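A short worksheet on the structure shown next.
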Amino acid sequence: MHFSRIAAGILCSSILAGCGGGSNEVPQSEAPAATTSGAAEKFVPISYRFTKDSAPQTIWVTVKGGNAYFQSDINLGPIERLREAEFSPDSFTAESGGREAAGVIYPSAGRWYKGVVVYNESQLPASVRDGQLWTAMNMIMAKSPIRFSRDQDYYKNVTYISSAPVYTYDNIALYWQNFDGASAGSSQIGRQGGTQGLFATDRLSAAGFAHEFLHALGVWHEQSRSDRDTYISVDYGNIKTEYRSQYDKHVSDGALVGGYDYCSVMHYPAKGGGMAIDNAKPIIKLLQNFPSCIVQIDAVQGAGVSGIGQDSGVSDGDFATIRALHPGVPELLPFAYAGPNQKVITPVAWGTAAPVTFSLNASKSYHPNWISNGARIVSYSWVPVGWSPTCSSQYPGGPVTCSTNPIVNANSAQATYSVVMNAQSSQEERKVRLTVTDNAGRSMSDVVTLTAARY
Ligand SMILES: [Zn+2]
């Protein structure tokens, strides 16, 4: 938990979902003494089932803000719910309540419907939204079926999806905060149902964001894999007692996805930072030659990496894991991005009309890899969500004018749109949906939030 990036993770390509029952003999570390030091944090053991059918095993978690964090950045959910699950394991069902109680991923319930991750980035600083977050989303989308959208109703607008998801309000809220000396970010494992959080700090790199998103997609840390002892050795003698369980294997019986991947963005680095007794010595040693590998660092580029615990990008092994988690979802789907949420506060005095013009642009709504594979965006639509620009004066309520001039240019993948709203004394918030469709008739949507207000 003392890595500069939370992302410095361990990775377990094994899909949670695929980890069926079985024996539970993976003890590797001595149990540390439970601690209550620090008003905000406790380090405690819990009995935990990684899947519905697997035997419970004891793991150590850090309790912060009522939530249990495993291996520093994996938020297993409220500790009280985990305690309840310990005492009533028979209550597990495939319903969301059982899933929340157990904090585990079921074979399909923990996946994002058709690989679409609905997110809300409104709490992030603009520089992070346009920087690390944007880069992370692009590196994940580059070679996977995953698409990101802020449209909770995306399934109504995506032509390759023929039915609604079971849970239609699932989304990841991105929060900006600083943990006390802990990880640079954190995430829950898999889709939890409803709104779940992904916490980021200014120490979270683009690859770190990708790491946390992969947790949300259902991927554990790589060094937790049951087969890891063939590939790495862990020097428990160099780990502070209280952190030893952070290096344990915990998936003893699961179906692993692909081979062990030294290059994964989900792998712990060799050195343990604050978890090591002597940080000059590595905790993790490689038992096999490290293969040279290239990881995806943004929408189009790759970069070579030469050591475990890389903080650069998503590996081919990571992509294979993502694909395995989303069977049947086509790749190279269109991508819609309606631009950043916009808010304008006008100083115009009360009693006079205060029109505010919002300019929208879909120029980022394509993916270079996708375009280069022969696909083309052939149409766009901008549609107000739940409101109707009337282009007539309705002061002081509602929009006073509107302008709907979509400019479609498939070559530059650009479509602009402008909306004029009347700023009210309080906030006037409207949403506009962008839908893009490619030459194969596949579409994807996104929603942007526009806010007009007066002082
Ligand atoms: Zn992690």
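The values are calculated or read from the model by the stated rules, or taken from the named source; none is laboratory data. Remember, predicted model here, so these are calculated numbers, not experimental data. Virtual Cβ from ideal backbone geometry, glycine too; neighbours counted across all protein chains shown.
Of the strands (runs of 3 or more DSSP E) lying entirely inside region 259-370, those carrying at least 2 residues that are surrounded by fewer than 16 Cβ atoms within 10 Å (Cβ to Cβ) are 284-286, 302-305, 342-346, 355-361. Within the option set 185, 197, 190, being modelled with pLDDT of 90 or more and crowded, with 24+ Cβ neighbours inside 10 Å holds for one residue only, 185.
Is it the case that region 145-160 has a residue that's more than 14 Å from the ligand (Cβ to nearest atom) and under 18 Å from residue 273 (Cβ atoms)? No - not one qualifying residue is present in region 145-160.
Of all residue pairs spaced 6 or more apart or on separate chains, those with beta-carbon atoms under 6 Å, a first member in region 71-84 that is in contact (Cβ under 8 Å) with a residue 40 or more places away in the chain and a second member that is more than 10 Å from the ligand (Cβ to nearest atom) and part of a helix (DSSP H, G or I) are 71/246.
None of 226, 292, 264 is out of contact with any Cys (no Cβ under 8 Å at 6 or more places or on another chain) and modelled with pLDDT of 90 or more except 264.
In this structure, does residue 79 turn out to be among the β-branched types (Val, Ile, Thr), within 28 Å of residue 295 (Cβ to Cβ), touching a strand residue (DSSP E or B) at 6+ places or on another chain (Cβ under 7 Å) and at pLDDT 80 or above?
Values: among the β-branched types (Val, Ile, Thr): yes; within 28 Å of residue 295 (Cβ to Cβ): no; touching a strand residue (DSSP E or B) at 6+ places or on another chain (Cβ under 7 Å): yes; at pLDDT 80 or above: yes.
In short, no.
Quick check on residue 159: is it touching a Ser or Thr at 6+ places or on another chain (Cβ under 7 Å) and in a loop (DSSP other than H, G, I, E, B)?
Numbers: touching a Ser or Thr at 6+ places or on another chain (Cβ under 7 Å): yes; in a loop (DSSP other than H, G, I, E, B): yes.
Criteria met by residue 159.
Among the residues of region 200-228 satisfying the criterion of being over 11 Å from the mean Cα position of the chain (by Cα) and aliphatic (A, V, I, L, M), which is surrounded by the most Cβ atoms within 10 Å (Cβ to Cβ)? Filtering first and then ranking leaves 204.
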